[in-house]
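Read-outs throughout are calculated quantities, based only on the coordinates presented, and are distinct from any laboratory measurement. On a predicted model such as this, the values are computed, not experimentally measured, just so you know. So basically every Cβ, Gly included, is an ideal-geometry build from the backbone, and we count neighbours across all protein chains shown.
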Amino acid sequence: MDIQDLHCIVVGAGTGGLAAGALLARKGVQVTLLESQGYPGGCAGTFTSGGYRFDAGATLGCGFHKGGPMEVLGRELGISWPIKPEPVAWQYRHRDLSIDLGGSRKEILERFPRSASFWKEQSMLAELLWKLSYGGLSWPVAGPRDLAILARKAISEFPGTARLLKFAAKTAYEWLADHGLDADDEFVRFIDAQLLVSVQTTSRHANAVNAAIALDLPVSGSYRVDGGIGAISGMLADSIERDGGAVLYGKKVIRIDSIRKEVLGVETEDGDALAADLVIANLTPDSLAILDGRTPAPAGVEVTPRWGAFTLYLGIDSSLFEQPGLNHMQITAGEGELGECGSIFVSTSPVDDPSRAPEGFRAVTISTHTRPEPWFEALARGRQHYLELKELYTRRILDLLAEQIPEAPQAIRSVIAATPVTWESWTGRHHGYVGGYGQTSLFEVRSPSTAYDNLFLVGDSIFPGQSLPGVVTGARRCVELALRRYGK
Ligand SMILES: Cc1cc2nc3c(=O)[nH]c(=O)nc-3n(C[C@H](O)[C@H](O)[C@H](O)COP(=O)(O)OP(=O)(O)OC[C@H]3O[C@@H](n4cnc5c(N)ncnc54)[C@H](O)[C@@H]3O)c2cc1C
């Protein structure tokens, strides 16, 4: 079959689905993307409420540096992203400790001078990993062709790749111990806070290789997106349409039709049935199982249980965040676990982006990791239980914010809260699981392939996991495997 005759349906306009759709449309495939909401972006969408434009989940643009997955994608699709570098990626706050994370490690080394050898090794590993991932990652391996590609890359980057193998079987905590840093509780908490938001688990479980690239994010560059992070999805949707595809909103897919190992098409809630040669599902495996008439895997069977998010959207007086160029802050509580309000990530719309808030105000998104199960259990016990839990989490987050910024309570003008129950209805992600998988192993990762020959997964449930650059790297792999099936 000629590539121009191939008809692909993409289910979901998250960053992964849009990137896969845009890459396929650019290659000439006929792409129809079906999105249940009225706008694109999913976890990296931006929504309007009360005159504000709030980023729903993702707030920090990364992977836009030269050679990074977002920069390469933009170049390939002819998109000029509406981004500006953030002078400070984010500020880390813990008790009286305040560190600006960014292009230089200067502040970190001043506070933790014994960590110099660790950061040297981390930089070396990250540089190698960015090089190896350039142009996509043939992982997990799906046949001899992938092995050959990997071998070629490994040989060209030898002996770095040989050194990498030493880290592949280690946890980040063991790596810290190699540098005598495991007993420094303040340093471990600093590292854990960064790992939780990037690899969805802390140093005792995180794989060292995943940790090396995650800890590089502030250094490789972080960017603000004019209009909010959802602008990225809007531009990817436009790219699909420019290349002859269609992006249809308000189209919720409720069933995948199949015969034996072949998917025939999909059915939508409003009664349409669309045939396809190829289907790409921008869904979690659980959500896909439901569309396929199967039961999702029970919760709690994973080594590292999955997270949901509790998020607050605040309208605040513009004067609250005064340090120029500081739009993101991570605050950790004095002690205790980092999830369930023990750490929060606070992002404010840039003071000079009038599209995000009424004059004199800013749109703030605050998130914390939470296990979804208690939220659904509370709801099952009754709406009042659920609302009480929501109130409790709101109060705990606002208290932690006030601990670091005492003027915050007086500056807040409006508050909206979203729980995993809300996230499930926003994104169609079963049980409101967000952030992909805990990156504990390089070997137990999910490939885009499914039980069907012509159905592929994309998004943060597949390797290499969450974040805009993560899902775009996964989308490239998804497209590669999908087209390989047609001999392209
Ligand atoms: C609180 C939070 C903060 C984050 N912070 C950052 C950050 O600062 N930087 C960063 O890079 N990443 C961040 N991330 C991670 C990043 O947002 C995600 O990894 C990424 O956006 C997930 O994209 P995805 O392709 O998996 O699709 P999703 O975002 O899951 O989107 C899936 C889409 O499919 C649609 N859909 C679902 N079911 C159906 C159906 N049946 N029919 C039709 N459409 C359907 C949904 O409506 C949705 O639009 C954050 C995530 C969260 C939750």
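For segment 1-158, with equal point scatterers placed on the C-alpha atoms only and solvent neglected, what are the log10 I(q)/I(0) values from the Debye formula at q = 0.08 1/Å, to two decimals?
-0.38
Determine, for each peptide in 427-436, 6-15, 364-373, the mean count of other beta carbons within 10 angstrom over its residues, then list the peptides with the highest first.
Details: 427-436: 24.5, 6-15: 26.7, 364-373: 22.5.
So the peptides 427-436, 6-15, 364-373, ranked by packing, come out 6-15, 427-436, 364-373.
For a footprinting-style exposure proxy, rank H385, H65 by other Cβ within 10 Å, fewest first.
H385, H65
Could you tell me what % of all Cα pairs in the chain have separations over 35 Å?
Summing the P(r) of the chain above 35 Å gives 30 percent of all pairs.
Rounded, prolate or oblate: which fits segment 103-222 when a ≥ b ≥ c are the square roots of the eigenvalues of the alpha-carbon gyration tensor, with rounded for a/c under 1.5 and prolate only if a/b beats b/c?
prolate
So for C43, C478, C62, fewest C-beta neighbours within 10 Å to most, what's the order? Don't jump to the answer; show the numbers that get you there.
Details: C43 26, C478 29, C62 23.
Ascending Cβ contact count within 10 Å gives the list C62, C43, C478.
Using +1 on the beta carbon of Lys and Arg, -1 on that of Asp and Glu, and nothing else charged, what's the dipole of the chain about the Cα centre, debye to 20?
The calculation lands at about 980 debye.
If amide H atoms are built 1.01 Å from N in the plane of the peptide, which residues on other chains or at least 5 residues away come under 5 Å of the amide H of A363?
Correct list: S349.
For the charge dipole of the chain, defined by +1 on Lys and Arg C-beta atoms and -1 on Asp and Glu C-beta atoms about the Cα centroid, which residue among I366, T422, L23 has the Cα displaced farthest towards the positive pole?
Sorting the options by dipole projection puts first L23.
Taking segment 421-488 as the region of interest, what is the percent of Cα-Cα pairs per 5 angstrom bin, listed from the shortest bin to the one with the maximum distance?
Percent of Cα pairs in each bin: 4, 17, 21, 23, 19, 11, 4, 1, 0.
Taking amide H atoms as placed 1.01 Å from N in the peptide plane, list the residues 5 or more away in sequence, or in a different chain, whose amide H sits under 5 Å from that of E86.
Under 5 Å from the amide H of E86 lie the amide H atoms of S222, Y223, R224, each far enough along the sequence or on another chain.
Show the residues, 5+ positions off or on another chain, whose built amide H is closer than 5 Å to the amide H of A246.
Here V31, T32, L33 satisfy the definition.
Using the count of nearby Cβ atoms within 10 Å as a rough guide to exposure, how do S349, S239, S425 rank from fewest to most?
Ordered from fewest to most neighbouring Cβ atoms within 10 Å, S349, S239, S425 come out as S425, S239, S349.
Between rounded, prolate and oblate, where does segment 218-320 land on the alpha carbon gyration tensor, with a ≥ b ≥ c its root eigenvalues, rounded for a/c under 1.5, else prolate if a/b exceeds b/c?
Because a/c hits 1.5 or more and a/b fails to exceed b/c, segment 218-320 counts as oblate.
Remind me, relative contact order of the chain in percent, using alpha carbon pairs under 8 angstrom and six or more residues apart?
Once normalised by length, the contact order is 24 percent.
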